[in-house]
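Down below is the structure, laid out as structure tokens.
The values are calculated or read from the model by the stated rules, or taken from the named source; none is laboratory data. None of these values were measured; they are calculated from a predicted model. Using ideal geometry, Cβ is built from the backbone for each residue, glycine included, and neighbour counts are taken over all protein chains shown. Remember, those area values only see protein heavy atoms, side chains included, never the ligands or the DNA or RNA. Shrake-Rupley method; radii C 1.70, N 1.55, O 1.52, S 1.80 Å.
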Protein chains: 2
Amino acid sequence: MRLDFDGTVTSPQGFQVGTATCGIKTSGNSDLMLLHSTHNCNTAGMFTTNQVVGAPVTLDRETLEVNSTTIRAIVANSGIANACTGKQGLKNAIAMQNLASKSLYCDPKQVLVLSTGVIGVQLPMEKIDKGISTAASNLNLEGGYAGAEAIMTTDTNPKLFAVEIKLPTGTVTIGGIAKGAGMVHPNMATMLACITTDAEVPVSILRKSLRTAVNKSFNRISIDGDTSTSDSVLIMANSASGISCAQGESRKAFTTALTCLATNLAKQIVKDGEGVNKFVTVHVSGAASIKAAHVVANSIATSPLVKTAFAGSDPNWGRILAAAGKSGIHFDLSETQLWIGSRIEDELQLVKKATSCDYDEDIAQQIFSQPEFYVHLDLGNGTSEISVWTGDLTEEYVRINSDYRT
Amino acid sequence: MRLDFDGTVTSPQGFQVGTATCGIKTSGNSDLMLLHSTHNCNTAGMFTTNQVVGAPVTLDRETLEVNSTTIRAIVANSGIANACTGKQGLKNAIAMQNLASKSLYCDPKQVLVLSTGVIGVQLPMEKIDKGISTAASNLNLEGGYAGAEAIMTTDTNPKLFAVEIKLPTGTVTIGGIAKGAGMVHPNMATMLACITTDAEVPVSILRKSLRTAVNKSFNRISIDGDTSTSDSVLIMANSASGISCAQGESRKAFTTALTCLATNLAKQIVKDGEGVNKFVTVHVSGAASIKAAHVVANSIATSPLVKTAFAGSDPNWGRILAAAGKSGIHFDLSETQLWIGSRIEDELQLVKKATSCDYDEDIAQQIFSQPEFYVHLDLGNGTSEISVWTGDLTEEYVRINSDYRT
């Protein structure tokens, strides 16, 4: 497996991207992307668990229900999320689908739609119309980076990654772009990821691989605990390499590589989170089940008191234990242990059997001052463990999110 | 029912309070309170649901299990929470109980203990010892206000209230003091309330009344969603008035008055929350059950995106709907309606059937600029409704909580 940090959705064979500046974003940056495959694609998608969803989520779910084997394109806009927009919003999403399919000479049901940005505002359809034509006219095999830029909202940099898998039968590539849960502009709260591959993967296996990968990546990050109305992850497999990842070792390798790609994109999202200065891995071990470990880790990773302590470089372990304690997962407090570290060599134990170790407070504070560090809580209650990734909660986050929208 | 905004735990007959400055708080403010009843008290308590609990919570639960009918005193210190302090912590809590019982010439099992402050630090028992002697020596019938001050940690003002109930048989009084969930000093996270009454109330009824009152008051407030290791509410009924509230109308009146008192104290806590500039009532109606309404209201009241919008006077209703949507409670988005207002006369509808009303953005912003306002979400899914109280999430909250402990 070869990691390509400059790779993107156009790294796999047969995918091209075009972009346009419609003028939805007041910044004047590009805000529309068309991702197109020269072959029909097996396609799978995972969407937000929030029951308040944007029109594109509703539409894509419907589209994938009737067609998951001949998808050709994704049309995405940034600046407006097309969420909480009622019947007109759904009409506009369908119009985007129709406009893209006309530009690409395919059926509307071969096109998926993504929108990210402000909630509660209707899309300017004339601008979108022109933008889709422009994007279709500049489709190209090197367009992935521009595509990653066009879907940015409050992100400070584009998020992209690719992985090559060497199989006995040849090489297949998976590429991806994402935009973050950064919410600088107060209504934006969306995580989007588009993933492409030239491997041949049946839809049923694509779905399972995607679920595995998302559960170990995008579902393990947290900026502020809020769930967007539009979170979407789509994967298109166009078989252009002619190499199958349908079973056996090649299937395993595909899932592993997809998980690696998704994890990398997910970590990029946390690092670029709003007001985030520190990237923190919260590792929980000794749990009765993976699910229990995940609930405890999330409770720590979303606690405002823990996250402000991260911001203040304050190794305030009482808050970490208290956050674990309120998670609802049962464990025996007297068996808990806690370590922190920025790398294995400087690991420091703070808590043993629920009471403070005799550690050097200066060293603990030094670890929490690093741009990346981990906290590791062992519950002493089983053998399951998990890592989740989060950031600190800074004054900048509040400043960004309390700025008035206009 | 007469409300007494200057009333406190010494308003009911037969209760006295003494205080002391032990030197636990570096500020030099008073940090120890002894609340004493001249008669034996029926007593009930409710404690944090966090499974990581301070030693006093463990001890009080044990004490109330063996004795809930002859309680005479509460000894409370502020500055150190005696939580995450292991076996030594429990020994120290028992020592506090013993010291107080000696000073008051009663049995240790007649004394309850409260501690609030930094987690993970042992109590300075010599200082506590002296403090208890001092407090016992200045017990007096006017000591309630000083008691409310002595249990403050990061609170900016003492919290107190009393209610008089006129019954056909005479007058009974309920008084209370509380300290807040303000967490200026990074390890403090505790809500404490001591309530006294001179009514005659059997323990079984006292427990039920307290549960009703707490569910409608302290369980409906949220500063930051974090649950303390030491949250405790205690009520002592000493029968000094000779008037029974054991059944019928007098029992109902007692529960109503207790709920009123607890609600008032709970609101005082929110208003004095860390970094809180605005007091917001989140009202959810049209829910399938009270529980469903509560879950949705809490999801809104604890959402960082909603709370930063409150701070920024941004009537960003998309965030409110999104927070309701992620709550896990099922409702039909297309039936939702949302109003905001600072008083009934200026109520403004923002959302009807999930889409934006044609409202004046300036007026909406003006309402969100008030020091107190409400948001009212109707789910269109039933007849149950509830109010919870919360504050805005400001940069000041983050600044306070990311300051290093020392």
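Each copy carries a label point for A:Ile344 at 7 Å from Cα toward Cβ; from one copy, the others' points are 6.9 nm away, ordered from shortest. Surface composition of the protein assembly as shown: carbon plus sulfur atoms contribute 49% of the solvent-accessible area (1.4 Å probe, protein chains only, all chains present).
On a 22 Å Cα-Cα criterion, which of the cross-link pairs A:Lys102/A:Lys127; B:Lys87/B:Lys109; A:Lys278/B:Lys278; B:Lys252/B:Lys278 come out too long? Exceeds cut-off: A:Lys278/B:Lys278; B:Lys252/B:Lys278. Exposure check, 1.4 Å probe, all protein chains in place: A:Cys245 carries approximately 0 Å² of accessible surface.
Shape class for region A:279-402, computed from the alpha carbon gyration tensor (a ≥ b ≥ c): oblate, with a/c not under 1.5 and a/b at or below b/c. Over region B:2-271, Cα pairs under 8 Å with separation of 6+ residues give a relative contact order of 26 percent.
Across the cross-link table entries A:Lys267/B:Lys307; A:Lys25/B:Lys353; A:Lys326/B:Lys307; A:Lys130/B:Lys352; A:Lys25/A:Lys179, which are compared at the Cα atoms, the separations over 23 Å belong to A:Lys267/B:Lys307; A:Lys25/B:Lys353; A:Lys130/B:Lys352.
Could you work out how far helix B:55-66 tilts from the main Cα principal axis of chain B, as a 0 to 90 degree angle to the nearest 10? Result, in degrees: 70. Comparing each chain alone with all protein chains together (probe 1.4 Å, DNA, RNA and ligands left out), the residues of region B:105-149 losing at least 10 Å² of accessible area are B:Ile119, B:Gly120.
The charge dipole of the protein assembly as shown, taken about its Cα centre with unit charges on the Cβ of Lys, Arg, Asp and Glu (plus for the first two, minus for the last two), comes to roughly 1660 debye. Of the residues B:Val295, B:Val284, B:Val375, which exhibits the maximal mean-square fluctuation in a Gaussian network model of chain B defined by a 10 Å Cα contact cut-off? Judging by the Gaussian network model, the answer is B:Val295. If you take all other residues with their beta carbon under 12 Å from the beta carbon of B:Asn29, and give Lys and Arg +1 and Asp and Glu -1, the sum is -2.
Considering only A:Ser239, A:Ser327, A:Ser285, the mean-square fluctuation computed in a Gaussian network model of chain A, springs between alpha carbons under 10 angstrom, is largest for A:Ser327. For region A:237-251, the Karplus equation 6.51 cos²θ - 1.76 cosθ + 1.60, evaluated at θ = phi - 60°, returns couplings of 10, 9, 6, 4, 6, x, 10, 8, 10, 7, 7, x, 5, 5, 5 Hz by residue, with Gly and Pro reported as x. Prolate is the label for chain B. Its Cα gyration tensor axes, ordered a ≥ b ≥ c, give a/c of at least 1.5 and a/b above b/c.
Taking other residues whose beta carbon is less than 15 angstrom from the beta carbon of A:Gly131, and scoring Lys, Arg as +1 and Asp, Glu as -1, yields 0.
Across region B:296-301, coupling constants 3J(HN,Hα) worked out from phi with the 6.51/-1.76/1.60 Karplus curve, θ = phi - 60°, read 5, 4, 5, 4, 6, 5 Hz, and Gly and Pro carry x.
Using the Cα gyration tensor of the protein assembly as shown, with a ≥ b ≥ c the square roots of its eigenvalues, what is the shape: rounded (a/c below 1.5), prolate (a/b larger than b/c) or oblate (neither)? Since a/c reaches 1.5 and a/b is larger than b/c, the shape of the protein assembly as shown is classed as prolate. In the elastic network of chain B, a GNM with C-alpha springs shorter than 10 Å, the most mobile of B:His39, B:His330, B:His294 is B:His330. Its relative contact order, with pairs defined as Cα atoms under 8 Å and 6+ residues apart, puts region A:279-402 at 46 percent. For region B:305-319, heavy-atom accessible area (probe 1.4 Å) falls by no less than 40 Å² from the chain alone to the full protein assembly at B:Leu305, B:Thr308, B:Asp314, B:Asn316, B:Trp317, B:Arg319. Length available on full extension from A:Leu141 to A:Thr69: 0.36 nm per residue minus the Cα-Cα distance, which gives 23.7 nm.
Accessible area of A:Glu372 (1.4 Å probe, protein heavy atoms only, ligands and nucleic acids ignored): about 90 Å².
Each DSSP beta bridge with both residues in the protein assembly as shown is either parallel or antiparallel, and the antiparallel ones are about 70%. Position A:Leu3: other-copy label points at 6.1 nm, ordered by increasing distance, label point 7 Å along Cα→C-beta. Against chain B, whose longest principal axis is taken from its Cα atoms, helix B:86-104 shows a tilt of about 60°. Relative to the current alpha-carbon distance between A:Thr169 and A:Glu345, full extension at 0.36 nm per residue lengthens the span by 59.2 nm. Here the chain B residue lying nearest the rotation axis onto A, judged by its C-beta and given with the distance in whole angstrom, is B:Glu395, 2. Take A:Glu361, move 7 Å from Cα toward the beta carbon, and the resulting point lies 4.9 nm from the same point in each other copy, nearest first.
Using C-alpha pairs under 8 Å with a sequence gap of at least 6, the mean separation divided by the residue count of region B:1-107 gives a relative contact order of 25 percent.
Once the 1.4 Å probe is applied to the protein heavy atoms, the protein assembly as shown comes out at 36 Å² accessible per residue. Most simply put, chain B has about 70% antiparallel DSSP beta bridges, counting only bridges with both residues inside it. In Å², nearest 100, what accessible area do chains B and A bury in total when the solvent probe is 1.4 Å? The B and A chains share an interface burying roughly 4200 Å². Just to verify a number: FRET efficiency for B:Met1 and B:Gln366, C-beta to C-beta distance, R0 = 25 Å, to 0.05? Once the sixth-power term is evaluated, E becomes 0.10.
A drop of at least 20 square angstrom in accessible area, chain alone versus all protein chains together, probe 1.4 Å. Which residues of region A:259-304 meet that? Output list: A:Pro304. The residue among A:Leu265, B:Ala55, B:Gln268 whose Cα reaches farthest toward the positive pole of the charge dipole of the protein assembly as shown, with charges on the beta-carbon of Lys, Arg, Asp and Glu, is B:Ala55.
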